[in-house]
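One structure is given here, and the rest of the page talks about it.
Any read-out appearing in this document is the output of simple, stated calculations on the displayed coordinates, not a laboratory observation. Nothing here was measured: the structure is a model prediction, and the numbers come from that model. As a convention, Cβ positions derive from the backbone with ideal geometry for all residues, glycine included, and neighbour counts pool all protein chains shown.
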Amino acid sequence: MSTTIHVYPTVNALPLVEEIRGRTQELFQTLLNRHGIGSTIEVKARYPSPADRPIEYVEKDTVWTPDLYLTFDYLIDGIWDSASWPRCPFVEDDDRISEEDLTDPPDYKPEHLGLWYIVGEFEDIVPPTRLAKILAQDHYWSDERNFGGPPVASTGYGLVCAALAEATDGIIASFDSAFDDKHNGETAEEFLAWWGDRQIDFYGEDAFRNPRRKRYQLVFW
């Protein structure tokens, strides 16, 4: 089981993976410093692979493209701690409201026919002009972490999404209880005003000082 945070862009901009990786690391380090936690965070972007395959890191000039699926590793003081899995899906035909959706169940309005289903989630909380820009996009982002997973990844995946929202003037949301749905539709600035502090308050500062389960260390070059 996992929880997922989504980013819905308002502009058709595809940032560099390195831009998002670097900004995530910067946001995380700033958070740790603000709480007086003396750890150094490092974020590494790589392509998912089986354990018996060599690690392939993402090149610095790689642009996010729809259908790109990555692993972001989080290292504390040089020791691997945990990971999250950001990706950039296409908006598929199945994501759009059909005639059947208008009647069974009756969750949508007739004028929603053919629109991306998220219109029903955001119509009452996102300004119409901004929502129209979101609905015009053919892709979005999400990042996932294991439910009940390590505190570092459970904080980092939100910071990944904040970095993506900054780069794409997007909004942030979750529909599987990654956070209270009152925060759905927030900008990166609004999300960052509470996310990191809440995570550290919840898990405790020591969770960000000591790499967990050191017997499971991985070596990175």
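The GNM of the chain, with springs linking C-alpha atoms under 10 angstrom apart, assigns the highest mean-square fluctuation among Phe175, Phe202, Phe72 to Phe202. Listed values for the range 185-193 are Karplus-derived 3J(HN,Hα) couplings in whole Hz (6.51 cos²θ - 1.76 cosθ + 1.60, θ = phi - 60°), namely x, 6, 7, 4, 4, 5, 5, 5, 5, and x replaces Gly and Pro. The residues His35, His139, when put in order of fewest to most other Cβ atoms within 10 Å, stand as His35, His139.
Across the range 52-65, computed HN-Hα scalar couplings (Karplus, 6.51 cos²θ - 1.76 cosθ + 1.60, θ = phi - 60°) run 8, 10, x, 6, 10, 7, 6, 5, 5, 9, 6, 9, 4, 10 Hz from first to last residue, x flagging Gly and Pro. Per-residue Karplus couplings for the range 108-124, computed as 6.51 cos²θ - 1.76 cosθ + 1.60 with θ equal to phi - 60°, are listed in order as 10, 8, x, 6, 7, 3, x, 8, 4, 4, 5, 4, x, 7, 10, 4, 9 Hz, Gly and Pro entered as x.
Taking every lysine pair in the chain that is 8 or more places apart or spans two chains, those with Cα atoms closer than 28 Å amount to 5. Just checking the listed ones, Glu18, Glu99, Glu121: in the Gaussian network model of the chain with Cα springs under 10 Å, the one fluctuating most is Glu99. Ordered by the count of other Cβ atoms within 10 Å of each Cβ, fewest first, Thr168, Thr187 give Thr187, Thr168.
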